[in-house]
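The values are calculated or read from the model by the stated rules, or taken from the named source; none is laboratory data. On a predicted model such as this, the values are computed, not experimentally measured, just so you know. Note: ideal-geometry Cβ built from the backbone for every residue, glycine included; neighbour counts use all protein chains shown.
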Amino acid sequence: MRMLANRLRSARIALLAAAAALLPGCGTGAADDPLTADAGWVRIPTQDTTTESVRARFERPKGKGPFAAVLVIHPGGGVRGTPLDYGRRLREWGYAALVIDSYGSRNIRSTGDVGTRQGTRYQLADLYGALSWLAQRPDIDMQRIAALGFSRGGQTTLSAIAAEESLPGYLRDGLRRPGKVALGVGIFASCIDVDDLRIEGKLLMLVGDRDRERNVECVGELTAKARAAGFAAEAKVYPGARHDYTRRRDTDDERDAAADTLIRTREFLDRHLK
């Protein structure tokens, strides 16, 4: 039975790798076996029952590991730009990174195509699949897993470090967390349906004071919840910065906020994940 199980697992991995090679932009740098990939586009499983797998960009630092890993969750506009840049930076900082393409994998342009709740459910289902994928890699330390999300992806990050029973029904029904996310970084994180979350992980929240999506007021609430539960939690509100300031960078305030966000993110990860 064990030999049969191993053969089935090897066959499934080979199929996922072959599918990854056929994706646009996935052929260059994608490994034959995604579980030994150093960098490139791979296919990962998902708990979303409408599709078997989604694509993700894997970045692995040099060395044998085991490495701490960061799941990068994109904003409502998709994976391009800032999330991929953060994935590369995380690798340079010594972390493995998996940048999950929840929308592009489903031919979704933005959250507006599917709605906020469905978009977040897709992302959380994919995040759980990513945890299962990482758990199969001997070079990943599953005790040191973080999620880092922007905007809509920030809401998904908050959900990943909250008690499962405190999640709203649409993020709980049919989804089961396969592993622990110890730390979350929410960058201008969306604050829809987070009032009842019970935070159970270390938390860093970064937001501009001109953000109009209720994000400023929830920063204090959620970091206070994390501290009350005994977890390290920090927050920074940037003067003059709007929502999506890491991409906009239209003013000196936003450029300064984007630069400081990189610094604070690295310091927080190094302090609590390494």
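Scanning region 102-119 for residues that are touching a residue at least 40 places away in the same chain (Cβ under 8 Å), crowded, with 17+ Cβ neighbours inside 10 Å and in contact with a Lys or Arg (Cβ under 9 Å, 6 or more places away or on another chain) gives 104, 105, 111, 119. When we screen 128, 122, 86 for residues that are in a helix (DSSP H, G or I), in contact (Cβ under 8 Å) with a residue 40 or more places away in the chain and either of a type in the set (Gly, Ala, Ser) or farther than 17 Å from residue 54 by Cα (or both), the only hit is 86.
Any residue in region 84-96 that is farther than 30 Å from residue 248 by Cα and either out of contact with any Leu (no Cβ under 9 Å at 6 or more places or on another chain) or of a type in the set (Lys, Arg) (or both)? There is no residue in region 84-96 that is farther than 30 Å from residue 248 by Cα and either out of contact with any Leu (no Cβ under 9 Å at 6 or more places or on another chain) or of a type in the set (Lys, Arg) (or both). For residue 63, the criteria (1) in a loop (DSSP other than H, G, I, E, B); (2) at pLDDT 95 or above hold in every case but one, which is (2). Region 147-238 holds strands (runs of 3 or more DSSP E) entirely within its bounds, and those carrying 3 or more residues that are surrounded by fewer than 22 Cβ atoms within 10 Å (Cβ to Cβ) and out of contact with any Pro (no Cβ under 7 Å at 6 or more places or on another chain) map to 233-238.
If you scan region 239-257, which residues turn out to be more than 16 Å from residue 154 (Cα to Cα) and part of a helix (DSSP H, G or I)? Step through it out loud before you land on a result.
Keep residues of region 239-257 that are more than 16 Å from residue 154 (Cα to Cα), which gives 239-241, 248-257.
Answer for region 239-257, where residues must be more than 16 Å from residue 154 (Cα to Cα) and part of a helix (DSSP H, G or I): 248, 252, 253, 254, 255, 256, 257.
Quick one: in region 239-272, which of the residues that are under 18 Å from the mean Cα position of the chain (by Cα) and among the aliphatic types (A, V, I, L, M) is surrounded by the most Cβ atoms within 10 Å (Cβ to Cβ)? Filtering region 239-272 for residues that are under 18 Å from the mean Cα position of the chain (by Cα) and among the aliphatic types (A, V, I, L, M), the one surrounded by the most Cβ atoms within 10 Å (Cβ to Cβ) comes out as 269. Kindly indicate whether residue 94 is in a helix (DSSP H, G or I) and modelled with pLDDT of 95 or more. Judged against the criteria, residue 94 is not a match. If you check 79, 70, 99 for being assigned to a loop (DSSP other than H, G, I, E, B), under 12 Å from the mean Cα position of the chain (by Cα) and buried (at least 18 other Cβ atoms within 10 Å of the Cβ), only one passes: 79.
Residues that are closer than 27 Å to residue 144 by Cα, in contact with a strand residue (DSSP E or B) (Cβ under 9 Å, 6 or more places away or on another chain) and of a type outside the set (S, T, N, Q) do not occur anywhere in region 241-256.
Checked against the criterion of being more than 22 Å from residue 40 (Cα to Cα) and either in contact with a Cys (Cβ under 7 Å, 6 or more places away or on another chain) or of a type in the set (A, V, I, L, M, F, W, C) (or both), region 95-115 contains one or more residues that satisfy it.
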